[in-house]
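To keep things clear, I will list the structure first and then write my remarks on it.
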Amino acid sequence: EYLRVRASVSNAIRAPNLDELFAAPNRSFIGGVDPCVVDNNPTPEIKEVCLQQGVPPNVIDDLQVGASQGWSAFSGGNPELDEEESDTISFGVVVSPPFAEGLTMSLDYWEIEVESAISQVSSQALVNACFDLLDNSAPSCQAITRDQLGNIEQVNAPLLNLQTRVGAGIDLQLDYALELPDSWGVGGDGATLDLRWLSTFHDEDSTVLLAGQSPIECAGYLGGSCSGNFIRATPDFRGLLSGSYTSGPLNVRTDVEIIGGFSLAADAFPNNNIPLGSEMYWDLAGSYQFNDGLEIFAGISNVLDTAPPLIGFRAGGDSNTQAQLYDTVGRRYFVGARVSLGSR
């Protein structure tokens, strides 16, 4: 069989889990942007919503940024969450060309649409949504609490049911296994080399956060609704190249991971560190099986000591980077042994 075709269509419903419903609230400080502040040139319609939220009339035309230059954001579980429903389609091909023994290639297209997706929405995204809708009775506006001076003091941003979320992309996988010459082996044993390439081209990661808003595209974008505290950014490309050499008791493995670059999201505020280029991480590991009861292993993670890009607090989070995506530790080493005492 040199060619196989596969396809699937599915529908799924998922109820919120206990953590999503009842996780304890978490407070974080956000250096956000308030549309009511005079430096942000609020329109008369925005000012009307600001007044309804509690901005004093005597400062509505001259509201300054508060001393804290931000607000407290509360995230956590939400007992009022509804179930989410998804529709998924995928189709692809698997090819094992006869002219290249040991080579297998697969290519798949997938598309997932989720209604009422359960997700963390950043407090800045809720503020933006409020002043996009210009309806103080909307849930996004009701999440905002202002202090006596008129500045945003707190935004309640628990897990929410989004309006819709759509993801689509292409997965490419290549596997190649070949026998090496005996002279490349160790101790008279033969040797094999296994190569694998895994990659995802993320064509779409669009979200309609709340009813009445336009879709926001986040595949390959940072900031705004696309990243921040507890919100993981979506690169438009990720790739992993792995190589494994095995000869008798010896195994050596290397991995190279590539993360695509990012541009500034449509609803993000300007950030001098964005756009970002692509990042690469290289890992190296090996093991030796002395006998049935003893194996020694060691390795280096992030061999090149690649530092995470600094993208600022608003787009990254507390660590000023995307800790969910990039390596924040740096080069590190490990060594260990696996000992089996056998059965008695």
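Structure above, values below:
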item	result
Residue satisfying all of: in the range 200-221; buried (at least 16 other Cβ atoms within 10 Å of the Cβ) and of a type in the set (S, T, N, Q); farthest from residue 158 (Cα to Cα) among these	200
Residue in the range 110-120 that is open to solvent by less than 80 Å² (accessible area, probe 1.4 Å) and touching a helix residue (DSSP H, G or I) at 6+ places or on another chain (Cβ under 9 Å) present	yes
Selection status of residue 83, open to solvent by 40 Å² or more (accessible area, probe 1.4 Å), closer than 16 Å to residue 165 by Cα and at pLDDT 95 or above	yes
The range 89-109, residues that are open to solvent by 30 Å² or more (accessible area, probe 1.4 Å), polar (S, T, N, Q) and either assigned to a strand (DSSP E or B) or within 25 Å of residue 17 (Cβ to Cβ) (or both)	90, 104
Residue check, residue 299 open to solvent by less than 40 Å² (accessible area, probe 1.4 Å), farther than 30 Å from residue 203 by Cα and at pLDDT 95 or above	yes
Matching residues, the range 264-295, being without any contact (Cβ under 8 Å) to a residue 24 or more places away in the chain and either touching a Leu at 6+ places or on another chain (Cβ under 6 Å) or more than 30 Å from residue 237 (Cα to Cα) (or both)	291
Some residue of the range 240-259 being of a type in the set (A, V, I, L, M), in contact (Cβ under 8 Å) with a residue 40 or more places away in the chain, in a loop (DSSP other than H, G, I, E, B) and open to solvent by less than 40 Å² (accessible area, probe 1.4 Å)	no
Single match in 35, 42, 57 (criterion: touching a helix residue (DSSP H, G or I) at 6+ places or on another chain (Cβ under 9 Å) and either basic (Lys, Arg) or open to solvent by 30 Å² or more (accessible area, probe 1.4 Å) (or both))	57
Residues that are of a type in the set (A, V, I, L, M, F, W, C) and crowded, with 16+ Cβ neighbours inside 10 Å, drawn from the range 261-281	262, 264, 265, 268, 269, 274, 276
Qualifying residue in the range 2-16 (condition: exposed (fewer than 11 other Cβ atoms within 10 Å of the Cβ), out of contact with any strand residue (DSSP E or B) (no Cβ under 9 Å at 6 or more places or on another chain), modelled with pLDDT under 95 and not basic (Lys, Arg))	no
When residues of the range 282-296 are limited to those that are in contact with a strand residue (DSSP E or B) (Cβ under 8 Å, 6 or more places away or on another chain) and under 17 Å from residue 189 (Cβ atoms), the one surrounded by the fewest Cβ atoms within 10 Å (Cβ to Cβ)	290
Criterion violated by residue 191 - all others in (1) within 28 Å of residue 70 (Cα to Cα); (2) at pLDDT below 95; (3) open to solvent by less than 30 Å² (accessible area, probe 1.4 Å) satisfied	(1)
From 119, 106, 140, residue being farther than 27 Å from residue 13 by Cα and among the hydroxyl-bearing types (Ser, Thr, Tyr)	106
Checking residue 323 against (1) open to solvent by less than 60 Å² (accessible area, probe 1.4 Å); (2) of a type in the set (A, V, I, L, M); (3) in contact with a strand residue (DSSP E or B) (Cβ under 7 Å, 6 or more places away or on another chain), the condition it does not meet	(3)
Filter result for the condition that a residue is under 26 Å from residue 315 (Cβ atoms) and at pLDDT below 90, over 31, 77	31
Residue satisfying all of: in the range 140-187; under 27 Å from the mean Cα position of the chain (by Cα) and charged (D, E, K, R); nearest to residue 50 (Cα to Cα) among these	165
Within the range 134-180, strands (runs of 3 or more DSSP E) holding 3 or more residues that are under 30 Å from residue 198 (Cβ atoms) and open to solvent by 20 Å² or more (accessible area, probe 1.4 Å)	164-180
Residue, modelled with the lowest pLDDT, within the range 229-286, restricted to residues that are of a type in the set (S, T, N, Q) and under 17 Å from the mean Cα position of the chain (by Cα)	229
Residues (of a type outside the set (A, V, I, L, M) and more than 13 Å from residue 81 (Cα to Cα)) located in the range 114-133	122, 123, 124, 128, 130, 131, 132
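The values are calculated or read from the model by the stated rules, or taken from the named source; none is laboratory data. In this text, all values refer to a predicted model and were calculated from it rather than measured experimentally. Positions of Cβ are backbone-derived with ideal geometry, glycine not excepted, and every protein chain shown enters the neighbour counts. Side chains are part of the model used for accessible areas, which takes the heavy atoms of the whole protein and leaves out ligands, DNA and RNA. Shrake-Rupley method; radii C 1.70, N 1.55, O 1.52, S 1.80 Å.
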